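Following: one structure in structure tokens, then a few remarks.
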Amino acid sequence: MPVANVMGMSNSLRVVGVSGSLHEPSKTTALTASLIGAFAERAPVESRLIEITDIGPNLAGALRRDQLPARVEEALTAIEEADLIIAASPVYRATFTGLFKHLFDFVGQYALVGKPVLLGATGGGERHALIIEHQLRPLFGFFQALTLPLGVYASDTDFDGYTITSEALESRIDQAVSRALPIVDRSARADLSEYVGTW
Ligand SMILES: Cc1cc2nc3c(=O)[nH]c(=O)nc-3n(C[C@H](O)[C@H](O)[C@H](O)COP(=O)(O)O)c2cc1C
């Protein structure tokens, strides 16, 4: 049976990944791309990967959204219109990178209400794995987004250079995406528009 029928998705799912890394190449970007790929294997997906390395220099100097250049504004619109966001950052000084937060500071306060968000992070070791629960989840809780129950954390030992080599990480990615899809499917069918302006 085609995946579209299994998931009941006839239209492509707009998946937008955001990698908060300041480096290229990047483990966080590799993790984000791998999560996008895992969704694309299971459902019809139209994907977009937004990298801070790409838009960061244009983002960093802006204090207000109306000061942003068109390509950053366009990235923000993609985030706001996505059916699913994969939000991932490296751990810097025990939290997400400053520019990752700066990007989301420009996202409309109510633009992510009810939107599924899969959380991801990479760090040098395991010590800061709770960034997912203690930093990323509250940020998207502020937006009233639907953070998915399973996030994915990876550390340096899960990679050879910038390639994922750990089977344990591969299976965490698989499990997170399998658990996410039914929730994403239900959310894509839900129409929250009647509530806009009342929350
Ligand atoms: C400025 C800086 C601060 C960092 N702080 C932490 C940290 O607090 N905890 C941690 O586990 N790793 C820390 N790291 C390591 C990175 O999180 C880790 O190498 C990450 O996988 C890099 O991701 P990237 O390849 O996507 O840039 C830090 C790295 C840098 C450059």
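The values are calculated or read from the model by the stated rules, or taken from the named source; none is laboratory data. The structure displayed is predicted, hence computed values, not measured ones. With ideal geometry, Cβ positions are generated from the backbone for all residues, glycine too; neighbour counts draw on all protein chains shown. Accessible surface is based on the protein model in full, side chains and every heavy atom, while ligands, DNA and RNA are left aside. Shrake-Rupley method; radii C 1.70, N 1.55, O 1.52, S 1.80 Å.
The residues of the chain expose, per residue, 48 Å² of accessible area to a 1.4 Å probe.
Free of any trypsin sites (Lys or Arg not before Pro) that DSSP assigns to a loop and that have at most 11 other C-beta atoms within 10 Å, the longest stretch within the chain is 128-199. How large is log10 of I(q)/I(0) for the stretch 1-103 at q = 0.18 Å⁻¹ when the intensity is taken from the Debye formula with one equal scatterer per alpha-carbon? Taken in order of the listed q values, log10 I(q)/I(0) reads -0.85. For the stretch 104-181, the set of chymotrypsin sites (Phe, Trp or Tyr not before Pro) satisfying both a DSSP loop assignment and a count of at most 15 other C-beta atoms within 10 Å is given as Y110, Y162. Does the stretch 140-195 come out rounded, prolate or oblate by the C-alpha gyration tensor, with a ≥ b ≥ c the root eigenvalues, rounded set by a/c under 1.5 and, if not, prolate when a/b is larger than b/c and oblate if not? Cα axes put the stretch 140-195 in the prolate bin. Across 10 Å bins from 0, what is the distribution of all Cα-Cα pair distances for the stretch 96-138, in whole percents? For the stretch 96-138, the binned pair fractions read 23, 53, 21, 3 percent.
All Cα-Cα distances of the chain, cut into 5 Å bins from zero to the largest, leave 1, 8, 17, 21, 21, 16, 10, 5, 1, 0 percent in each bin in turn.
Dipole of the chain computed with +1 at Lys/Arg Cβ and -1 at Asp/Glu Cβ about the Cα centre; of S166, I132, I52, farthest Cα towards the positive end is I132. Rounded, prolate or oblate: which one fits the stretch 85-199, using the alpha carbon gyration tensor with axes a ≥ b ≥ c (rounded when a/c is under 1.5, else prolate when a/b beats b/c, else oblate)? Note, shape of the stretch 85-199 comes out oblate.
Treating r as the C-beta distance of E41 and L63 and R0 as 41 Å, the FRET efficiency rounds to 0.50. Identify the residues of the stretch 54-92 with backbone N under 18 Å of a label point that sits 7 angstrom from the Cα of R14 along the Cα-to-Cβ direction, or state none. From the stretch 54-92, the list is 70-87. Please report the carbon-and-sulfur percent of the accessible area for the stretch 1-124; probe 1.4 Å, protein heavy atoms only, DNA, RNA and ligands left out. Here it works out to 51 percent.
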